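Read through the structure below, which is laid out as structure tokens, and then see the notes.
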Amino acid sequence: MAAGGFCKLPNGTVVVALNLPSPGPAGGAVGVRVLVRAQNRARALTRLRNLGLRAIYLRGNAAPPTPDEITAVLHHPDGLIWRTAPDNGVTVTDVTELWHPIRALLRGSAAVRS
């Protein structure tokens, strides 16, 4: 289960934002914020599950994507991006790291598992 939220866009698509624990071995206070663009919430979660992130659920709308996050995911060709998100009370807008394609996250976690 993950904290997150969604925003429905005027064209009918949605942007789902999820705060997930870090896939790395550190498991410290740093997690990741994942943004997914899809036709609806169910399809957005299915996209993540198909990538191997099986235990992903969106309950409520506690942490919806910010306008800057929506812009970032709309301009990415895959519509699936991430960056680190500290869990220690820092708001999402205070993070200055750039967005990464989801392949970079999955490649890094696969290297840790082997």
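The values are calculated or read from the model by the stated rules, or taken from the named source; none is laboratory data. Every value quoted in this text rests on a predicted model; they were computed, and no experiment measured them. Cβ placement follows ideal geometry from the backbone for every residue including glycine, while neighbour counts extend to all protein chains displayed.
Here is how the numbers come out for the structure above:
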{"quantity": "Subset of region 28-58 [over 19 Å from Thr13 (Cα atoms), part of a strand (DSSP E or B) and of a type in the set (D, E, K, R)]", "calculated": "Arg33"}
{"quantity": "Evaluation of Gly28 against (1) at pLDDT below 90; (2) under 19 Å from Ala72 (Cβ atoms) (one fails), failing number", "calculated": "(2)"}
